[in-house]
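Chemist: Can you read through this structure? Questions will come right after.
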Amino acid sequence: LDPLELRYKNVYRPGATTPTGQKPEVYSFPEMFDKLRPLYQAALKKAKAESTPEKKKGVGISLGIYGCGLDGPDASEVSVELTPDGVVLAGSWEDHGQGADIGALGTCHEALRPLKLGPEKIRLLMNDTAMAPNSGPSGGSRQQVMTGNAIKNGCEMLLNAMRKKDGAYRTYEEMKAENIPLKYSGKWTASMCTPCDANAQGAPFPVYMYGVFMAEVTVDTQSGKTQVDKYTVMADVGKINNKPAVGGQIYGGVSQGIGLALSEEFEDLKKHTNLASCGFPYVNDIPDAVEIHYFENPREHGPFGAAGVGELPLTSSHVAVVNAIKNATGVRITHLPALPEKVLAGLKASPKKS
């Protein structure tokens, strides 16, 4: 079977469960594959037309799934406080490149829409543990879901306190005059989740991310070097909070996937002592042509329908590259990275007709 059609036959559809027996919250894969199919067929046609014995071109696809959260009933907490100048949101959504500031700000702004506050009126107090609650670790693509829900909860509590009988909202001065508390603790727990049992059955995550990846590559048969020419991503990360931030995550994750597939290696502690020697990818290793298609299926347990995004683009982006090498040359790399010498050895062992 064609690699795309094989996967299309086996993706989640209503009635399917995850390997842990959990019911998927959305079924976006069929739509993703339908959108990808003509692009994939065009890429295959282009690769066949442009391939030469010296420069063989190929196309590879893969799909990825990743859960948002720590296994089981993960939780988070923030505080939301009304001030004379607007609102202060305090939390410990640690940022190591995933966009904590815009994720927190965007979620808070959406939650406080009834107040018609501009984003400049929302001040973030992030990661000062003397003043900010414990929002949990930034790992497992959990923060947008867990802390996002805690932000939503805290903002709802503040709005409820500010709301008058006629539906209008009290000002800061009116809240002070009526001695109504100004600060609220927003908390959220993924109570619908259960850790997996001894048989690996359970519902470990409240929200999942889904993606399909397509790599188009050129393999130099004289050197064995692979270059990724274009990369296409079909991504369902729920309702998008901030598109530039989400896109940045996907571009970065795909770049990591290309590095993982082609150059990154750090097993020899005497040889691999810095980023350069570990095969860290450079800008020229990443194609300018990275195309992202979004499928915004709202998540029941995500804040305003959002899922996470951080780890989706590295679930299997590397696999698409290795599959593309196989499509181009017939060489199956089974131990990453697909260094030129490995590809060259494969070509010499079982060359594929051009």
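The values are calculated or read from the model by the stated rules, or taken from the named source; none is laboratory data. Since this is a predicted model, take the numbers as computed values, not measurements. Reconstructed Cβ throughout: ideal geometry from the backbone, glycine too, with neighbour counts over all protein chains shown. In case anyone asks, the SASA skips ligands and DNA or RNA and just uses the protein heavy atoms, side chains included. Shrake-Rupley method; radii C 1.70, N 1.55, O 1.52, S 1.80 Å.
Chemist: In segment 1-19, what residues are in a helix (DSSP H, G or I) and touching a residue at least 40 places away in the same chain (Cβ under 8 Å)? Walk me through it before giving the result.
Modeler: If we filter segment 1-19 for residues that are in a helix (DSSP H, G or I), which is where we start, we get 3-10.
Scanning segment 1-19 gives PRO3, LEU4, ARG7.
Chemist: Follow-up. Given segment 20-119, what strands (runs of 3 or more DSSP E) lie entirely inside it while holding 2 or more residues that are under 30 Å from ALA198 (Cα atoms)?
Modeler: Output list reads 55-68, 75-83.
Chemist: Of the residues ILE61, ILE65, which single one is β-branched (Val, Ile, Thr) and in contact with a Pro (Cβ under 7 Å, 6 or more places away or on another chain)?
Modeler: The conditions single out ILE61.
Chemist: While we're looking at this one, here's another question. So how many residues does segment 158-193 have that are open to solvent by 20 Å² or more (accessible area, probe 1.4 Å), under 27 Å from VAL237 (Cβ atoms) and either assigned to a helix (DSSP H, G or I) or out of contact with any Asp or Glu (no Cβ under 6 Å at 6 or more places or on another chain) (or both)?
Modeler: Qualifying residue count, segment 158-193: 4.
Chemist: Hey, another quick one. Of the conditions (1) within 30 Å of ILE325 (Cα to Cα); (2) open to solvent by 20 Å² or more (accessible area, probe 1.4 Å), LYS23 fails just one. Which one is it?
Modeler: Here LYS23 meets the rest and fails (1).
Chemist: For segment 219-264, which positions are over 21 Å from ASN323 (Cβ atoms) and assigned to a helix (DSSP H, G or I)?
Modeler: Hits for segment 219-264 are LYS243, PRO244, ALA245, VAL246, GLY247, GLY248, GLN249, GLY252.
Chemist: Would you check which residues across segment 194-218 are in a strand (DSSP E or B) and not aliphatic (A, V, I, L, M) and list them?
Modeler: So in segment 194-218, the residues in a strand (DSSP E or B) come out as 194, 203, 207-218.
Within segment 194-218, THR194, TYR208, TYR210, GLY211, PHE213, GLU216, THR218 meet the criteria.
Chemist: Quick check: is even one residue across segment 236-247 surrounded by fewer than 24 Cβ atoms within 10 Å (Cβ to Cβ), over 16 Å from PRO281 (Cα atoms) and in contact with a Leu (Cβ under 8 Å, 6 or more places away or on another chain)?
Modeler: No, the conditions are met nowhere in segment 236-247.
Chemist: If you don't mind, another one. Among all residue pairs at least 6 apart or on different chains, which show Cβ distances below 8 Å where the first residue, located in segment 247-276, is more than 30 Å from TYR294 (Cα to Cα) and the second is open to solvent by less than 40 Å² (accessible area, probe 1.4 Å) and of a type in the set (A, V, I, L, M)?
Modeler: GLU265/LEU339
Chemist: Quick check on this structure: which one of ALA345, ALA328 is more than 12 Å from the chain's Cα centre (by Cα), part of a helix (DSSP H, G or I), within 16 Å of MET214 (Cβ to Cβ) and not β-branched (Val, Ile, Thr)? Give the steps one after another, and end with the answer.
Modeler: Details: ALA345 fails: within 16 Å of MET214 (Cβ to Cβ).
That would be ALA328, the only listed residue that is more than 12 Å from the chain's Cα centre (by Cα), part of a helix (DSSP H, G or I), within 16 Å of MET214 (Cβ to Cβ) and not β-branched (Val, Ile, Thr).
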